[in-house]
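Worksheet for the structure shown next.
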Amino acid sequence: MAYRSNVPAIAEFTFQHRDKGFAKRAHEWGGGFIVAGHNYGQGSSREHAALAPAQLGVRAVIAKSFARIHRRNLIAQGIVPLLFKDEADYDRAELGQKWEIHDLHSIAEGEDELQVEIEGAPAFTVTHDFLPREREVVVAGGLIRYLKAQQPAGV
């Protein structure tokens, strides 16, 4: 626990057992997305498991499914948890591809499906299962930003 309160240091260890180059690439690429299988975040419900990717600039996780507590922590940190509408699209992911999620802010207007463009490949659809307040937190960029926006001016 030597790094418990040092989030930048903790971030350097993100996915070190699965992908030693993840943190370095995230720095070089300015963040990006994580593509994951079933039950992403299982066993890592600690807040740091969402803080570290956020520190590296990860903006969304597109997965087949999420562990419940970790999903909530991603939302709190401003990382958007999205679900593959067709799980077969997971198999199209390759390291280094350029992905673009269109109209992310349409979530605030009630949109439940978003299009993801992959450079040089057909687009696919992702969904989410946000509750109304979760939509607001996601659009605000995380729980702290959401709460700050709720405060009256001058407080």
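The values are calculated or read from the model by the stated rules, or taken from the named source; none is laboratory data. As the structure is a prediction and not an experimental result, all values here were calculated from the model. No Cβ is skipped: glycine too gets one built from the backbone with ideal geometry, and neighbour counts run over all protein chains shown.
Computed quantities for the displayed model
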item	result
Tally, over the range 6-44, of residues that are crowded, with 16+ Cβ neighbours inside 10 Å and among the hydroxyl-bearing types (Ser, Thr, Tyr)	2
Sole residue being surrounded by fewer than 16 Cβ atoms within 10 Å (Cβ to Cβ), in contact with a helix residue (DSSP H, G or I) (Cβ under 8 Å, 6 or more places away or on another chain) and among the small types (Gly, Ala, Ser), chosen from 121, 52, 88	121
Selection status of residue 50, free of Cβ contacts under 8 Å to residues at least 40 places away in the same chain and not in a loop (DSSP other than H, G, I, E, B)	yes
Those residues of the range 57-66 which are under 11 Å from the mean Cα position of the chain (by Cα) and part of a loop (DSSP other than H, G, I, E, B), in sequence order	57
Count of residues meeting criterion [under 15 Å from the mean Cα position of the chain (by Cα) and at pLDDT 90 or above] in the range 79-106	9
Matching residues, the range 66-116, being acidic (Asp, Glu) and on the phi > 0 side of the Ramachandran plot	103
Every residue from the range 67-124 that is under 30 Å from residue 43 (Cα atoms), in a loop (DSSP other than H, G, I, E, B) and not polar (S, T, N, Q)	67, 78, 79, 85, 86, 93, 94, 95, 96, 98, 112
Extreme residue, surrounded by the fewest Cβ atoms within 10 Å (Cβ to Cβ), among residues of the range 137-155 that are touching a residue at least 60 places away in the same chain (Cβ under 8 Å) and in a loop (DSSP other than H, G, I, E, B)	141
Index of the failed condition, residue 33 passing every other in (1) touching a strand residue (DSSP E or B) at 6+ places or on another chain (Cβ under 6 Å); (2) free of Cβ contacts under 8 Å to residues at least 40 places away in the same chain	(2)
